[in-house]
Each structure stands twice: as structure tokens, then as C-alpha cells.
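Take a look at the structure below.
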Amino acid sequence: MATDESTTLVKNPFLIIAASVLTSGVMASSCFLSRAESVARTANGLLPGTASPIDAFIAGSYRMAGWLGADGARAFVVFLPCLLFLALIGFLARALSSRLLGTLFFIAILAALAWGVRETMNASKSDIRDLRLLAPIELFQAAAQSGGRVFVNPPAYAHAALLAPDLFARLPSLDLIAKMCAALPMWREEDRREPFSALIFTGNRLAEIRPLVESLSSDWYLARMDNHGLLYLRGNPSAKEVTVNPNSFTDPRSKAIFLSQSALVLDAMTRQTEARQMMQNSLEVFPEDSTVLVNSAMLAASQKRWPQTQKNAESALKLTPDSVQARYLLALALLETNSISQAATESTRLTRQRPLDPQILKLQARISKANNDFTAEIDALERLLALEPKANQATSPIHLYLGQAWARKGFAAQALSNYESALQGPLTPLQKSEIQAAIQNIRQKSGPTETAGH
């Protein structure tokens, strides 16, 4: 039956074109129901020198036609390759009178339609339209009113290019920003050289900037806190208490997402009791939302409440089975509760979804080590090692872990090679002494080293 239908389909060139266009349109339709992706890709595309060609194309479309243009550009990037691929198979089948290619064309059409419908349905369940839930709009608007120089942490840097181009033009480079966040003396020196008037901190790792916040002098004050982060201003503090206000959202789902995002910000400020209460409020307002459940799992993980992390992550995965964040949190919770075999299963699924994600590779290495699967641990660490120089990250810790993994596997030559590479980079005195002791121990036990593979 399928062979007869496929033969009929490829006999008519107009049917080939119509089927290819329709299928490609269905494949691309989810791009109009995933505004969060458009915001992220546009922000990345506006960054000078680092944007991929596709993200730059999406950002250019945004400049010309707003968010509909950005959605359309993403859809076009999906639509065109799909159309060309399907049409090529269809016309080859027609030109060669190939029943095999005709059947392949028919199957490809059905598979692509099924995938496109599934992706569109999933996107429609999790789509967020309100930009206040996707980007720190109000923080940048308030910072722009300060009229002076603004400092942002790395997660806020891309949003600055999107939300405040004039402000973005006066920012330090991203590399310098990252260094200043990690080295307080460098930040103070830059502030003395050309004082900042506003500080914006956003992202889901706000705890990392706590040392900088705690070192601020008394002329800084917290001017605003919202669901994305914090705004500090220099000058006379406002008498009004800084709180989050969910009442501007009338839609229950949007209000719940806002509350769950704000709870994570409170947690980063070490206001953990308030954070838990706010997260509970979000679950009461709209409990059946994947974003809310993932944020709840993130809060539980931050507070090391692993059974709750697992429960919320599993609930999120029931709603959105392809959620990378939810699966990552589930794997982490399973590892922390010593459910190692289950954690390894989830880790494998994660690496299939995101094979080159540094955080996922780090988690896979941890789980593989706990599972005594040293081959998988080494594979994850070596893939991570290949990524880190591109991200300008130090490789010494990875070489240290690789040395330990090779030593546990019993390969002295590879262990020594990685230990010696680790010693070439920045390490703590304790790490250096541990590595030197490990090298001495291997040499005493093995004598001349032998080369071996995995």
C-alpha cells in the first residue's frame, strides 16, 4: 500500500513540491511557538565577533521586523534545508523511476510530519510570550536612567546588546567582565579608573557574584530585584523596600513563572526561607507547568533537597519529555541520593540530547566515576577537555581528573601524562602536592611506563 502511494506521489512533480513545502512548513511551525529561543538566539546574534552566521541572520531579521521577523528567520533556517532535502529525494525518485527512493520519500514525508506536529504541540504547551519573563527588561530600563557607566555579569552581557544598545557600547569586553567577576581587585581597579553608576547581575548562577556584592562600599544600594536578577545603584538609597511584585501578571501561568524565577533570585541572595515560600506560591498558582516545575527543582537542588529535586524534575519531564534542564536535575538528584545506575541511564540520555554541553559532560564524568565506569568517565573528560580551550577555560582541573581516572583504570603512562599537564596550569598548593604524591606513587609501583589505549 505504501509503495503504491509513494509511486503515485513521485510521478507528479507538483505533488512532490506540494508535499515537500507542506511538510517543511509543519517542521518549521514550532519556531513561531518558542519565543524564548528567539530571544536567546537574537541576543547571541547581536554580540560582535562571536555570533554564529545563523544567529546573526536571526538578529538581523529581528532588527527589520521585530520578534515576528526573528521567529520567521528561525523557521526559514529549518524550512529551507528540509524542503531541499525532501524535494531532492522526490525528484531523484521520479527521474530514476526508483521504487526504493519513492518509498524513502514517502516515509521521510510521514516521519517529518509526525516530528513537526509533535514539536509544535510541545512548543505550544511551554511557549512564553511575555518578554518580562524572558529577559531583564526592567533592570536595564532602570539602569539606563542612571546615566552613567554600567557593569554587568556575563549572563547579562548578551541581553545588554538586545535591550540597551547604547549602554552595551560602553560596557567592558566580555572577557574582562568575566575576569573582574572572578577577581575583586581587578573590578575595584576598573571602578577607580572609570567609576560605575549601576551594576546588573542576572542568570541562574547569581551566587557566584556574592563576593563582589558583599565587597561593595556603603555608597551602593540594592535598587531593584525582579525575576531575572539584581540592580545596584550608586548614590542615595531609596527608602522603599525592594520586593518582587507579581501583581502585574493577570494570567495565572505567567504569574507562577514570575514567582518561580523570583524565588531563585531570593535563594541566590541567601534568603532561603522566603525563596521556598515564594516557590510554593508559584506551585499553588499554576502547578502543571514545566517551567515552574524545573525552577522548583533548581531551587531544591540549590538547597540540597534531593528527593524534592527528583520529584519536581520527574513531574517536569512528564509534561516536556525533551527538557534538558529537567533531565539534568533528575540525573544530579539520582547521583546525590546514590541511585547510581538510574543516574547513569539519565546521563546517557542527556549526552544524546546535548553531546557537547560542558555541564552535562562534567555530570557524566561524576556519574561514571561513581558507577566505576572509568572508560565512560575518561570519554566525558576528554570531550570536555577538547571544549574548554575554545571557552577560554583552564584545563588543569580536567587533566587532574583524567590522571585520576587513568590511574584507577590502571594505565600509568596516561595517568602520568595528564598529571604532568595539570601541573603546568593554575592549581591550589594542596592540588599540586596531591599530584606530585600521585606521580611519585605511580613511578614507584610501575617503574618504566607503558603506553596503552582505552
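Each value in this text was obtained by applying a stated rule to the coordinates, not by laboratory testing. The structure displayed is predicted, hence computed values, not measured ones. Here the Cβ positions follow ideal geometry from the backbone for every residue, glycine too, while neighbour counts run over all protein chains shown.
Please compute the length gained on full extension between ARG352 and ALA183, using 0.36 nm multiplied by the number of residues separating them and subtracting their Cα-Cα distance.
Working: separation 169, 0.36 × 169 = 60.84 nm, distance 3.59 nm.
Using 0.36 nm per residue and subtracting the Cα-Cα distance, I get 57.2 nm.
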Radius ratio Rg over Rh of segment 132-234, counting only Cα atoms, Kirkwood formula for Rh: 0.91
222 nm mean residue ellipticity, helices alone, for the chain (DSSP H n ≥ 4; -39,500 (n - 2.57); rounded to 500): -22000 deg cm²/dmol
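With a 10 Å radius around each residue's Cβ, average the other Cβ atoms per peptide and rank 41-51, 360-370, highest first. Mind dumping the intermediate values first?
On the way: 41-51: 18.8, 360-370: 22.0.
Averaged packing, sorted descending, gives the order 360-370, 41-51.
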Rg ratio (alpha-carbon, reference 2.2 N^0.38 Å) - the chain: 1.15
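If each residue of separation counts as 0.36 nm, what is the full-extension length gain between VAL117 and ARG192 once their alpha-carbon separation is subtracted?
Values: separation 75, 0.36 × 75 = 27.00 nm, distance 5.61 nm.
Value of the extension gain: 21.4 nm.
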Under 22 Å from LYS304, Cα to Cα: lysines that are on another chain or at least 8 residues apart: LYS362, LYS369
From the C-alpha gyration tensor of segment 249-337, square roots of 5λ in Å: 19, 16, 9
Peptide ranges 288-296, 222-230 listed from the most packed, as the mean C-beta count within 10 angstrom indicates: 288-296, 222-230
Over segment 2-127 - Rg/Rh using Cα atoms and the Kirkwood inverse-distance radius: 1.10
Antiparallel %, DSSP beta bridges [both residues in segment 132-234], to 5: 70 percent
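Pairwise over distinct Cα atoms, reciprocal of the mean inverse distance: report the Kirkwood radius of segment 59-141 in Å, one decimal place. Display every interim value, and only then the final one.
On the way: mean 1/r = 0.0634 Å⁻¹.
Radius from the Kirkwood sum: 15.8 Å.
Could you sort 78-86, 247-255, 409-417 so that the peptide with the highest average Cβ count within 10 Å comes first and the rest follow in order? Don't skip to the answer; put the middle values down first.
Working: 78-86: 16.9, 247-255: 13.8, 409-417: 18.4.
So the peptides 78-86, 247-255, 409-417, ranked by packing, come out 409-417, 78-86, 247-255.
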